[in-house]
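Remarks on the structure that follows.
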Amino acid sequence: MRLIEDPNELVDTVGCALVPTMGALHEGHASLIRAAAGSGLGVVVTIFVNPTQFGPREDFLKYPRTLNDDLAVAESAGARVVFVPGVDAIYPRGLAAARAEAAVLPLPPAAHEPHLEDACRPTHMAGVCQVVARLCDLLSPAVAYFGEKDFQQLRVIEQMVAMDPTRWPALRVLPCPTIREPDGLAMSSRNVFLNAEERLRAAAIPRALLATKERLAHGESVNIGLLSEAESEMRVALAEAGLGTQYAVIRNSHTLMSAGSDATELRALVAARLGGARLIDNMEVWTRGQGD
Ligand code: PAF
């Protein structure tokens, strides 16, 4: 496995399998790298804590940075190259210019219509689109792997790639399932911000998502009344566990908008604060014809 910091040293990445990350790699990332290695393509893992996707009061400075451990995880999961660029390599015109450019990027609907992460972190999705586009321009991957844990991000990237078919004509975006701890908590680099007591309470999130899935298990069609009751129950369960809910909603899995009668799959999505951490999670909770 090669560690590359200078983009000029990138060779033969055209047609690679890209796993973009911000480091602090855990089993969730390892599963993406293994899936990418399973494609038979050379796997390029990128590690870059992208400043433009963090808001001014967010955790950019304290985001965990664990490069040596990350290299071991990437190598054992099957990476061929780990690309660890500096800010100058990604944003050669400087960070202020990059932030200004991000603010005027044309964004796909999933980046600004659902009022989920886009409402809580208004500059976040533009920064994500900006850095993923830059990495794809530098590396020309054939496939890029994204975890379903950041479900809105996944939809945004799918739409971004589809919006500009001539820029990356052959690129496929592949989703990979969320990897969970034994109590159901979604693996996240930010779980290290939880103390032991908060860590136990955090399991209320996957419990609330599962309870929603069970509640909708027998529904044959989308029932708006039932969905809004299920959303209230999620909010109550999270509040009882002492979490500060930012959203707990059930949406059309494809558009991330409120579900109409034409929805074929529903996804529950949650964001909540707990101590010094902000946690997000989601789960598919209903599929049309699920009882067939
Ligand atoms: O999901 C992440 O870790 C980041 O948002 C990504 C896709 C690597 C862009 O910085």
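Every number here is computed from the coordinates shown, using simple stated rules; none is lab data. On a predicted model such as this, the values are computed, not experimentally measured, just so you know. Note that each Cβ is placed from the backbone with ideal geometry, even for glycine, and that neighbours are counted across all protein chains shown.
General remarks:
- Taking the convex hull of the alpha carbon positions in segment 219-292 and averaging its projected area over all directions gives 5.0 nm².
- Nearest-0.05 FRET efficiency for residue 223 and residue 195, computed from C-beta distance (R0 51 Å): 0.80
- Cα convex hull of segment 29-73 - mean projected area over all directions, nm²: 4.0 nm²
- Mean separation of Cα contacts under 8 Å, 6 or more apart, over the residue count of the chain: relative contact order %: 17 percent
- Evaluated at q = 0.30 Å⁻¹, the base-10 log of the normalised Debye intensity for segment 5-58, with identical point scatterers placed on the Cα atoms, takes the values -1.17.
- Summed residue charge, Cβ within 13 Å of residue 244's Cβ, Lys/Arg positive, Asp/Glu negative: +2
- Computed over segment 181-237, the ratio Rg/Rh where both radii use C-alpha atoms and Rh is Kirkwood: 1.09
- In segment 31-133, chymotrypsin sites (Phe, Trp or Tyr not before Pro) in a DSSP loop with at most 16 other beta-carbon atoms within 10 Å: 60
- Charge tally in the Cβ shell below 14 Å around residue 108, where Lys, Arg are +1 and Asp, Glu are -1, residue 108 excluded: -3
- Calculated from the alpha-carbon coordinates, segment 126-213 shows an Rg and a Dmax of 16.4, 50 Å respectively.
- Every Cα-Cα pair of the chain was included, and the share exceeding 29 Å stands at 35 percent.
- All Cα pairs of segment 51-186, percent lying beyond 17 Å: 67 percent
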